[in-house]
Amino acid sequence: MSSDAPLPMLGGLSAADFLRDHWQRRPLLIRGAFSGFECPLTPDELAGLACEEGVEARLVEEHGEGGPWQVRHGPFDETVFGTLPERDWTLLVQAVDHYVPEVAELLEAFDFLPRWRLDDIMISYAPPGGSVGPHVDQYDVFLLQGMGRRRWQLGGLVPDDAPIIAGIDLRILERFEVEAGNDWVLEPGDMLYLPPGWAHHGVSQSDDCLTLSVGFRAPSADEAITSFADYLGEQLPASLRYSDAGMAAPGDPAELDDEAVARMRRFILGTLDDPARLAQWFGRVMTQPKYVDQLVPNETPTAPEALVARLQEGAELIRSPGSRFAWRALDEQDATLFADGDGAECALPLARLLASEAPLDAEALALPGAPELLAALLDAGSLAWADEFEADEFEG
Ligand code: SIN
Ligand code: CO
């Protein structure tokens, strides 16, 4: 698909237009982004998920018994929902795309963005008045109205140190002024794109308000630098050290002089400036699973011959829900396949296939190195046999 083709989900903008004018820059309201949208989940099913072990869920009550803006964390006992007031609360469930395949399918509509930038789809349910208060997120998000109506108000770009209400578990802005014209009620299928740092406030206007937040990930400077330094550090020899051969005798032996600081700076920046290793780290970090314990490795290693036989009998492999894949070419033939925070060198077409949405069946065996890599990914938990997966699939 050309990046100049108009996309209905971007209100007729092309991917190129959107990336130039909106992505990370300006919000965009898209009426009818998904026309005739039918939410793949009901409020009851969302509540059911919030009661499951291992699912990240929160309940936010604006006027809780324990004070304003009370937050409770799941998993919940299902009786909790009967104790809530008629209005002014919100249930939020993270990573619903990991548990509901029809929700995961929505992610394909965002293929005009790098898939490794995606974080998850969070879904919220709220009765009338329910909200999480005016706040700022540090990530890009597409807020898709799934059911019912939600009023969204935007308050513009907010500095990092904007005051927040003290003494509660939520980061709610002390001051929120709606920008003229940035006040809309979204209906099912409408979508609002927000770049990081924009103050926003979404309040349910109906009994059945479901909002899907398609969120993106971008490491902070702190995370990127510490994580890259850790990755690099594991590969550096102990003999690589600060050195000062040829230095002049110090004027005062207690002084940390400019030359010493400059030497350390050159040493650190020169060691960090390693594009090949940086690419290897980057692929690993951007494919790290959101929940490491959802990746279940095989206890007994799979023999590649056994895997080949099973595929030839017609079995299919699937990518485990929540597993992340990306690839990077090393040269014209070879690539690194990144999967769930790890990297493996393989033939480029094999890396592309594995990181795509295409089926993984016996046809994949035509690619050199496929049996060994598929077996390794199966053992790591990034892939699963389709027929076995059905049996222990999440029951929402
Ligand atoms: C919500 O769905 O209630 C909140 C989503 C958000 O503001 O990020
Ligand atoms: Co938000």
In whole Å, how far is the Cα centre of segment 24-76 from that of segment 155-194? 16
Are there DSSP H segments in the chain that both extend 18 Å or more along their axis (alpha-carbon positions) and score a mean Kyte-Doolittle hydropathy of at least -1.0? List them, or say none. 258-272
Helix-only [θ]222 nm of the chain, DSSP H runs n ≥ 4, -39500 (n - 2.57) each, per residue, nearest 500: -6500 deg cm²/dmol
If the elastic network links every pair of Cα atoms under 10 Å, which of MET147, MET247, MET286 fluctuates the most in the Gaussian network model of the chain? MET247
Percentage, to the nearest whole number, of Cα pairs in segment 264-346 over 21 Å apart: 51
Kirkwood Rh (inverse of mean 1/r, distinct Cα pairs), the chain, angstrom: 24.0
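Mind checking the per residue accessible area of the chain for me, 1.4 Å probe, whole number of Å²?
53
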Return P(r) of segment 196-254 (all Cα-Cα pairs; 5 Å bins starting at 0; whole %; ordered from short to long distances). 3, 9, 10, 11, 9, 9, 10, 8, 6, 6, 5, 4, 4, 3, 2, 1
Over the Cα atoms of segment 288-396, Rg to Rh with Kirkwood Rh, two decimal places? 0.95
Semi-axes of segment 19-124's equivalent ellipsoid from the Cα gyration tensor, sqrt of 5 times each eigenvalue, largest first, rounded to whole Å? 29, 17, 14
Out of the GluC sites (Glu not before Pro) in segment 30-85, which ones are loop residues according to DSSP with at most 11 other C-beta atoms within 10 Å? GLU38, GLU53, GLU65
Share of accessible surface on carbon and sulfur in the chain, whole %, 1.4 Å probe and ligands ignored, is 51
For segment 1-129, the dipole about the Cα centre with charges only on Cβ (Lys and Arg +1, Asp and Glu -1), to the nearest 20 debye, works out at 740
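The values are calculated or read from the model by the stated rules, or taken from the named source; none is laboratory data. Note that the coordinates shown come from a computational prediction; the quantities given were computed from them, not determined experimentally. So basically every Cβ, Gly included, is an ideal-geometry build from the backbone, and we count neighbours across all protein chains shown. The protein model used for the area step is the full one, side chains on, heavy atoms only, and it has no ligands, DNA or RNA in it. Shrake-Rupley method; radii C 1.70, N 1.55, O 1.52, S 1.80 Å.
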